Amino acid sequence: MDSTAKEFLHRLLMTPSPSGFEHRIQDVVREHAGTFADSVRTDSHGNVIVAVNEKAPIRAMLAGHCDQIGMLICHIDDQGFLYAQTIGGWDPQQLIGQRMTVWTDTGPIPAVISRKAIHLMEPDERTKGVLEKDLWLDIGARNGEEAKSLVRMGDPVTLQLGYAELRNDCLTSPGTDDKAGLWVVLEAARRANKSKLKCGIFAVSTVQEEIGLRGATTAAYGIDPHLGIAVDVTHATDCPTIDIKQRGMVRLGAGPTLFRGPNVNPRVENRMREIARMHEIVYQECALGRAAPNDSNALQLARAGVATGLVGIPNRYMHSAVEIVNYRDLDRSADLLARFLESVTEEDDWTP
């Protein structure tokens, strides 16, 4: 991974993008994509579509969603404490004791989420899980009047953004779901050799995946691709308490995960495996016996149907403040997709 690509990844991780409030990160995407793409446009939904070799007769859409889970301010009480709805799927226990940021029109405001000290809890309270409705954000306001002068209903909230590099090329940050996948689809479009391309690449920074695959649905309808690849994080199972007999073994640093199952076109998956072997790109395999809970689901069902593949980036502790991915997995995923796209021709038949 060169320094420019790594810097772009870090910028993505440091930019807030809760579902429905992706405009800040899309500015970062547009700026970066403008250095290599033939065209960069934004649709009315907010998806950013990065096109390379766009006049080709075959259209390949790559989807990496830019949105992250978050919260949305819905009440401010008289003491100045904030209450929020969740955006996307949270385990409330993950929020206790976290530093948060409220993203207001006038700038970010630091906040914390906690609960009363263990010394003050009754014995039964110490063993109970906390509910979302019982959590509040504290910005240090004197009272409700001060809080309301700073924050308004509908302001989005994220975990405090940041990243740290761990041992063995590991990276921890909130929001690697799916800024890691977004980085991969844009980097694949950048790395693809234009002189070898017979297809048009439409790498899309999709919005609102976390609340129902909404951006991929509208983007795919507009692009009308012949084939599509979604890149999203998948659960790394190489840590305690996960049942690998059901989930399979997915390791950090062991390469991208290629999925097989009803949401994946077998010819697309076969080609990706062939390309990986041809170019000696290590990869992993995983089974998924249902419709995927990510953008590949929307891609497959677009218009009259799209030949769809799914690439997973191994991720430990998904939907938490300490998600972990591996630089090598991202790098290999981008290379695999670039080489795959270079192999696509107008003569290819993706019919199962």
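The values are calculated or read from the model by the stated rules, or taken from the named source; none is laboratory data. All values reported here derive from a predicted model rather than from experimental measurement. In this analysis, Cβ positions are derived from the backbone assuming ideal geometry, glycine residues included, and neighbour counts consider all displayed protein chains. Calculation scope for accessible area: heavy atoms of the full protein, side chains included, ligands and nucleic acids excluded. Shrake-Rupley method; radii C 1.70, N 1.55, O 1.52, S 1.80 Å.
The rows are residues; the columns are (1) open to solvent by less than 40 Å² (accessible area, probe 1.4 Å); (2) more than 30 Å from V40 (Cβ to Cβ); (3) of a type in the set (D, E, K, R); (4) in contact (Cβ under 8 Å) with a residue 12 or more places away in the chain.
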site: G80; (1), (2), (3), (4): yes, yes, no, yes
site: A84; (1), (2), (3), (4): yes, yes, no, yes
site: E132; (1), (2), (3), (4): no, yes, yes, yes
site: Y163; (1), (2), (3), (4): no, no, no, yes
site: T176; (1), (2), (3), (4): yes, no, no, yes
site: E187; (1), (2), (3), (4): yes, no, yes, yes
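On the basis of being part of a loop (DSSP other than H, G, I, E, B) and either of a type in the set (V, I, T) or in contact with a Cys (Cβ under 7 Å, 6 or more places away or on another chain) (or both), does I201 make the cut? Show your work before the answer.
Working: part of a loop (DSSP other than H, G, I, E, B): no; either of a type in the set (V, I, T) or in contact with a Cys (Cβ under 7 Å, 6 or more places away or on another chain) (or both): yes.
Here the answer is no, as I201 does not meet what is asked.
If I filter the range 38-58 down to residues being part of a loop (DSSP other than H, G, I, E, B) and more than 15 Å from S195 (Cα to Cα), which single residue comes out as least open to solvent (accessible area, probe 1.4 Å)? Let's see the steps before the verdict.
So the first thing to find is which residues in the range 38-58 are part of a loop (DSSP other than H, G, I, E, B), and the list is 38, 43-47, 53-57.
Going one step further and asking which of them are more than 15 Å from S195 (Cα to Cα), we end up with 43-47, 57.
Working: D43: 36, S44: 134, H45: 52, G46: 20, N47: 0, P57: 69 Å².
So the residue we want is N47.
Restricting attention to the range 264-279, and to residues there that are under 19 Å from P314 (Cα atoms) and of a type outside the set (G, A, S), which single residue is most open to solvent (accessible area, probe 1.4 Å)?
Of the residues in the range 264-279, the ones under 19 Å from P314 (Cα atoms) are 264, 269, 272-273, 276.
Among the residues that remain, those that are also of a type outside the set (G, A, S) are: 264, 269, 272-273.
Numbers: V264: 18, E269: 11, M272: 5, R273: 45 Å².
Of everything passing the filter in the range 264-279, R273 is most open to solvent (accessible area, probe 1.4 Å).
Only one of these conditions is not met by L159: (1) buried (at least 16 other Cβ atoms within 10 Å of the Cβ); (2) modelled with pLDDT of 95 or more; (3) farther than 30 Å from L330 by Cβ. Which number is it?
Result: L159 fails condition (3) only.
Provide a single number: the residues in the range 313-343 that are closer than 26 Å to T4 by Cβ and either open to solvent by 50 Å² or more (accessible area, probe 1.4 Å) or of a type outside the set (S, T, Y) (or both).
The qualifying residues number 21.
Which condition from (1) outside any helix (DSSP H, G or I); (2) open to solvent by 40 Å² or more (accessible area, probe 1.4 Å); (3) within 29 Å of I211 (Cα to Cα) is the one that G309 breaks?
So G309 meets the others, but not (2).
Can R115 be described as under 30 Å from S149 (Cβ atoms), more than 21 Å from the chain's Cα centre (by Cα), not in a helix (DSSP H, G or I) and not β-branched (V, I, T)? Reasoning before the result, please.
Values: under 30 Å from S149 (Cβ atoms): yes; more than 21 Å from the chain's Cα centre (by Cα): yes; not in a helix (DSSP H, G or I): yes; not β-branched (V, I, T): yes.
Spelling it out, R115 is indeed under 30 Å from S149 (Cβ atoms), more than 21 Å from the chain's Cα centre (by Cα), not in a helix (DSSP H, G or I) and not β-branched (V, I, T).
Go through the range 193-204 and give me each residue that's of a type in the set (A, V, I, L, M) and either open to solvent by 10 Å² or more (accessible area, probe 1.4 Å) or free of Cβ contacts under 8 Å to residues at least 60 places away in the same chain (or both).
Of everything in the range 193-204, just one residue is of a type in the set (A, V, I, L, M) and either open to solvent by 10 Å² or more (accessible area, probe 1.4 Å) or free of Cβ contacts under 8 Å to residues at least 60 places away in the same chain (or both), namely L197.
For residues that are among the hydroxyl-bearing types (S, T, Y) and in contact with a strand residue (DSSP E or B) (Cβ under 8 Å, 6 or more places away or on another chain), scanning just the range 99-130, find the one that is most open to solvent (accessible area, probe 1.4 Å). Even if it seems obvious, please write down each step before you answer.
If we filter the range 99-130 for residues that are among the hydroxyl-bearing types (S, T, Y), which is where we start, we get 101, 104, 106, 114, 127.
Restricting the remaining residues to those that are in contact with a strand residue (DSSP E or B) (Cβ under 8 Å, 6 or more places away or on another chain) gives 101, 114.
Values: T101: 18, S114: 52 Å².
Ranking the candidates gives S114 first.
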